[in-house]
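Each value in this text was obtained by applying a stated rule to the coordinates, not by laboratory testing. It should be emphasised that the depicted structure is a prediction, and the values quoted were computed from it without experimental measurement. Glycine also receives a Cβ, built like all others from the backbone with ideal geometry; neighbour counts cover every protein chain displayed.
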């Protein structure tokens with residue numbers, strides 16, 4: 001199954017050579033699960049010609065806000081709506097989670113409670129899943145028809161499911177501890193409160209459930225393809 005990675009941001013230059021760019025991280029996270037990948041730098045207006053150019057899509061994180069005025073945001077929202085209408089599956093991570101919600105009628109805002117950084121615990125239907133986070137924007141109002149499938153006290157709409165067509169997660173399963181540590185060193189100072197980064201540093205060695213989330217993402221995409229093939233048979 002070919003997945004188009006819609007890249008909406010880039011890893012800091014100081015980290016990219018050693019730790020990779022966002023598509024590299026997702027390809028590593030999802031390796032060995034029957035998926036192949038094609039990259040599109042939509043942040044610089046490199047869009048696919050059609051939502052059917054790949055079997056499914058994954059929208060990455062970004063330093064941009066979904067509500068900001070950037071040239072790539074309106075066509076990306078339109079792409080999301082077209083993919084949904086065409087029953088082509090889409091996964092969204094962090095900014096991807098937010099832009100999908102906004103495109104589908106939800107509301108994204110900067111959270112008055114500030115940042116979530118580092119290893120963070122989420123309730124996925126009674127299952128505790130720990131993933132790295134790096135955000136201060138959130139989906140404050142989920143779109144009509146979207147099911148909330150994960151939450152915590154800080155982030156009410158931590159993961160959303162749009163029937164069998166879109167699955168989105170606020171956290172970053174693709175971020176390894178060394179990358180979060182790098183973000184705190186390169187982007188954090190003056191942006192993220194130091195006491196919050198200190199708490200995140202204390203949890204850098206906490207076990208993560210990144211592979212659990214990778215399995216969920218791959219299963220969501222592959223199950224969709226299986227259902228589509230049965231309908232065509």
Quickly estimate the mean residue ellipticity at 222 nm for the chain, helices only: each DSSP H run with n ≥ 4 gives -39500 (n - 2.57), and the total goes over all residues, rounded to 500.
-> -10500 deg cm²/dmol
Give, as ranges by residue number, the residues of segment 61-103 whose backbone N falls under 20 Å from the point 7 Å along Cα→Cβ of residue 164.
-> 81-92
Subtracting the Cα-Cα distance of residue 191 and residue 206 from 0.36 nm times their residue separation yields 3.0 nm
Per the rule of 0.36 nm per residue minus the C-alpha distance, extending residue 147 to residue 36 adds in nm 37.2 nm
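Find the eigenvalues of the gyration tensor of the Cα atoms of the chain, then list the square roots of 5 times those eigenvalues as equivalent ellipsoid semi-axes, largest first, in whole angstrom.
26, 19, 18
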Rounded FRET efficiency, nearest 0.05, which uses the C-beta distance separating residue 123 from residue 16 and R0 of 22 Å | 0.10
Once both axes come from the Cα atoms, what is the angle between helix 73-85 and the longest principal axis of the chain, in degrees from 0 to 90, rounded to 10?
-> 50 degrees
Plugging the Cβ-Cβ distance of residue 63 and residue 199 into 1/(1 + (r/R0)^6) at R0 = 22 Å yields, to the nearest 0.05, a FRET efficiency of 0.50
Hey, what angle do you get for helix 177-186 against the long axis of the chain, alpha-carbon based, 0 to 90 degrees rounded to 10?
-> 60 degrees
One would report the Cα pair-distance distribution of segment 83-173, bin width 10 Å, in %, as 18, 54, 25, 3
Scoring the chain by relative contact order with C-alpha pairs under 8 Å, at least six apart, yields a percentage of 19 percent
Share of pairwise Cα separations in segment 129-229, more than 18 Å, in percent = 56 percent
Relative to the longest principal Cα axis of the chain, at what angle does helix 210-232 sit, 0 to 90 degrees, rounded to 10?
-> 10 degrees
